[in-house]
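Working notes for the structure below.
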Amino acid sequence: MKQKLLELLACPTCGGDILLVHVGTREEREIIEGLLSCRKCTREYKIVRGVPRFADLSKIEQNKAETAENFGWQWTHFTQANEKYKSQFLGWIQPVEPNFFKDKIVLEGGCGKGRHTTLAANWGAREVIGIDLSAAVETAFQATRNLPNAHVVQADVYKLPFKKVFDYAFSVGVLHHTPNPKKAFVSLASKVKKGGAISAWIYGAENNEWITNYVSPMRERFTSRLSQPTLYQLSKLPTLGVFLASKLIYKPANAVAKPLAGKLFYNDYLNHLATFGWREQHNIVFDHLVAPTAFYIPKKEFEDWWREIGAQTVEIIWHNQNSWCGFGRIER
């Protein structure tokens with residue numbers, strides 16, 4: 001943990017200022033082991049392996065703990081980097097562009113292995129904080145520890161340990177895996193100051209009926225209950241089908257006969273997947289099968305989220321014919 005993070009922290013229980021009361025181990029700018037305390041209620045929070053811990057997985061609700069465990073395993077094993085992450089991320093947070101991050105204090109709701117935290121830091125954010133409930137914070141910390149403006153915090157999105165100081169917040173592919181996606185979104189938005197902005201990318205209900213009718217029941221009853229190493233191996237079989245279809249059918253069809261390709265099942269998304277190699281496609285398939293909780297959200301319901309937070313100039317964009325990107329400014 002970089003000591004300057006203290007300026008942005010607040011107790012998730014009472015909102016009091018957070019103090020650094022003990023430093024056990026320090027490596028250059030990072031406090032590796034230490035102890036934080038709330039000035040107001042005196043609750044204590046540990047810094048462990050460089051990450052301030054504001055959430056105890058042994059004390060949270062079962063559905064949150066199961067999701068955190070499964071995704072934590074994923075992001076400590078699929079640690080690869082990919083040059084296409086930049087364009088993929090920009091697709092999810094459109095219409096935001098890299099220069100939008102310059103000099104902003106940024107909050108990421110659900111950082112996984114830290115790939116988007118890293119991009120935001122490199123695009124000139126004044127400070128960027130990635131939070132995650134899972135063990136993914138271990139990977140994210142290692143990925144960002146050498147960036148002077150990047151921070152990783154273990155926290156529950158419903159109980160964020162921050163002051164209302166952020167110029168921009170975003171969450172990509174996380175809210176729909178929480179027990180109450182709208183509540184998680186409102187919590188994230190509550191830390192954005194007036195005049196700031198927020199982005200969210202979520203699974204759409206539209207055009208995903210085949211998933212909700214067939215894949216989701218299998219995921220809920222079977223695949224998410226498997227041990228993660230077992231699912232890792234089993235998920236290679238559907239990955240093979242997706243990989244061959246995307247590379248041998250969708251990519252060539254879109255290259256030579258775009259109008260005809262448009263009639264193929266799930267064309268936009270599978271053509272997009274064709275740009276990735278085996279490792280990343282395996283990660284994506286595993287991701288769809290590992291989550292105990294996943295919601296597919298209709299556009300109308302998504303629009304309600306933005307009204308709830310009083311957002312203005314809201315843009316909601318249909319992405320790859322299977323998901324929704326939202327962007328808005330907070331004016332209250």
Original post:
On the given criteria, is Ile317 in contact with a strand residue (DSSP E or B) (Cβ under 6 Å, 6 or more places away or on another chain) and either outside the structural domain of Trp73 (by TED's automatic domain parsing) or among the aliphatic types (A, V, I, L, M) (or both)?
Top reply: yes
Original post:
Identify, please: which residue in region 123-141 is touching a strand residue (DSSP E or B) at 6+ places or on another chain (Cβ under 9 Å) and surrounded by fewer than 23 Cβ atoms within 10 Å (Cβ to Cβ) and is, among those, nearest to Ala184 (Cα to Cα)?
Top reply: Ala135
**OP:** May I ask you to list the residues in region 302-315 that are out of contact with any helix residue (DSSP H, G or I) (no Cβ under 8 Å at 6 or more places or on another chain) and either part of a helix (DSSP H, G or I) or of a type in the set (S, T, N, Q) (or both)?
**Re:** Phe302, Glu303, Trp306, Arg307, Gln312, Thr313
**OP:** Would you tally the residues in region 157-167 being more than 22 Å from Leu36 (Cα to Cα) and either crowded, with 24+ Cβ neighbours inside 10 Å or assigned by TED's automatic domain parsing to the domain that holds Ile32 (or both)?
**Re:** 0
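Residues checked against (1) assigned by TED's automatic domain parsing to the domain that holds Val192; (2) surrounded by fewer than 19 Cβ atoms within 10 Å (Cβ to Cβ):
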residue: Leu231; (1), (2): no, no
residue: Leu237; (1), (2): no, yes
residue: Leu248; (1), (2): no, yes
residue: Ala261; (1), (2): no, no
residue: Phe302; (1), (2): yes, no
Original post:
Just wondering, is there one or more residues in region 265-283 that are of a type in the set (Lys, Arg) and surrounded by fewer than 15 Cβ atoms within 10 Å (Cβ to Cβ)?
Top reply: yes
**OP:** Could you list all residues from region 221-244 that are farther than 12 Å from Trp278 by Cβ and either touching a Lys or Arg at 6+ places or on another chain (Cβ under 8 Å) or of a type in the set (D, E, K, R) (or both)?
**Re:** Arg221, Arg225
Subject >> Residue check for Gln154: in contact with a Ser or Thr (Cβ under 9 Å, 6 or more places away or on another chain) and surrounded by fewer than 23 Cβ atoms within 10 Å (Cβ to Cβ) >> reply: no
**OP:** With the condition kept exactly as written, say whether any residue in region 207-224 is over 30 Å from Gln62 (Cβ atoms) and more than 16 Å from the chain's Cα centre (by Cα).
**Re:** yes
**OP:** Working only within region 192-216, note down all residues that are within 30 Å of Lys164 (Cα to Cα), of a type in the set (Val, Ile, Thr) and touching a Phe, Trp or Tyr at 6+ places or on another chain (Cβ under 6 Å).
**Re:** Val192, Ile202
**OP:** Answer yes or no: is there a residue in region 316-332 that is assigned to a helix (DSSP H, G or I), acidic (Asp, Glu), at pLDDT below 95 and under 30 Å from Val186 (Cβ atoms).
**Re:** no
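A quick yes/no check of all residues on (1) touching a residue at least 12 places away in the same chain (Cβ under 8 Å); (2) surrounded by 23 or more Cβ atoms within 10 Å (Cβ to Cβ); (3) closer than 17 Å to Asn149 by Cα:
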position: His77; (1), (2), (3): yes, no, no
position: Ala81; (1), (2), (3): yes, no, no
position: Lys86; (1), (2), (3): yes, no, no
position: Gly91; (1), (2), (3): yes, no, no
position: Val106; (1), (2), (3): yes, yes, yes
position: Gly112; (1), (2), (3): yes, yes, no
Original post:
Which one is surrounded by the most Cβ atoms within 10 Å (Cβ to Cβ), of the residues in region 309-327 that are small (Gly, Ala, Ser) and more than 23 Å from Lys84 (Cα to Cα)?
Top reply: Ala311
**OP:** Confirm whether Trp306 is free of Cβ contacts under 8 Å to residues at least 40 places away in the same chain, crowded, with 18+ Cβ neighbours inside 10 Å and under 20 Å from the mean Cα position of the chain (by Cα).
**Re:** yes
Subject >> Residues located in region 111-147, provided they are assigned to a helix (DSSP H, G or I), more than 19 Å from Ile47 (Cα to Cα) and among the charged types (D, E, K, R) >> reply: Arg115
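The values are calculated or read from the model by the stated rules, or taken from the named source; none is laboratory data. All values reported here derive from a predicted model rather than from experimental measurement. Cβ coordinates were reconstructed from backbone atoms using ideal geometry, including for glycine residues, and neighbour counts include every protein chain displayed.
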